[in-house]
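Read the figures in this text as sums done on the coordinates, not as results from a lab. Please read these numbers as outputs of a predicted model, since none were measured by experiment. Here the Cβ positions follow ideal geometry from the backbone for every residue, glycine too, while neighbour counts run over all protein chains shown.
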Amino acid sequence: MNTFNQFGQPIGEELVDWQPRQHPDRVVLNGRYCRLEPLRVEHAGALFAAYQQAEDTRSWTWLLREPDTTIAEYSQWIASVCELSDPIHFAVIDNQTQLPVGSLALMRIDPKNGVVEVGHVHFSPLMSRSPLSTEAQYLLMRYVFEGLGYRRYEWKCNSLNEPSRRAALRLGFQYEGRFRQALVVKGHNRDTDWFSILDKEWQALECAFQSWLATDNFTADGKQIRSLESWRETRF
C-alpha cells in the first residue's frame, strides 16, 4: 500500500525496519535429488564430460561465451570465476552418482536492496528428464528468500531463448518486460526479457515446489504425476 509525504505525493509502501541483507556465501545447499556446492576446479573434469554427453553445442548458444574445447580450457575458466564474490557459481551434484552435472550462479548481487539474479545456468543432458534441474533452482531460491531474506529474485534471458522463457514461467517467475538492444553478445543484438519472484510470493511457490519434488509425485520410472504448474494453481 502506498504511503504519502507531506505534499500528498505517493512515495511507495513503507518498509518498516528494513536493513541491508547479507551477501550470499559459498555454501552447500542440500536437497533430496541433488545438492549445490561452490564451483571448484576439481569439478572441471566431470562437468566437462557431462556437457560432452550432448549431441551438439546448442546448449551454449545463449551463453555469453563460446564452448570450451578441452578440459584444460574449461578448468581455466572455472579458476577465473570460482573465487569471485559476484557472480557466485555453484555446481549441481547428483546425489546418486555424487558427480557434478551442471552449474548455475547468483549474480548482480545487491544486498542493500535485497535483490539478486540467478544466471549462468548450464545444465548437462545428465539432468534431463529428472527432478534435478527443478530442485537445483528451488534450493537456490530457498537460500535467497529464507536464508538471506532478500526481497526480489530475478531471471533474465535473451528474448529469443524460448526454452529459458518457458523455464522461468514454469518455475513461477512473473514476466516483467523486454529491454530492447540491451547487450551485444557474440556479435549479435540481444533484447533481454526480465522475470522476477518477490518475497511475498515465495511461501506459496515453496509449497508447490515441495509437493512437486515429493517422491510420491513420481512414478517408478521417474515420470511426474502432476506438473509444477498444477501444484501452484492448487496452492493459489
Name the aspartates and glutamates eligible as straight-distance cross-link partners of Lys186: C-alpha to C-alpha under 20 Å, and not fewer than 8 places from it in the same chain. Asp56, Glu66, Asp68, Glu73, Glu162
Where the centroid of each part is defined by its Cα atoms, how far is the range 118-133 from the range 31-72 in Å? 10 Å
What percentages make up the Cα-Cα pair-distance distribution of the chain when the bins are 5 Å wide from 0? 1, 6, 12, 16, 19, 18, 13, 7, 4, 2, 1, 1, 0
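Ranking request for peptides 189-195, 80-86: highest mean number of other beta-carbon atoms within 10 Å first, then the rest in descending order.
On the way: 189-195: 17.7, 80-86: 12.4.
So the order, starting with the most tightly packed, is 189-195, 80-86.
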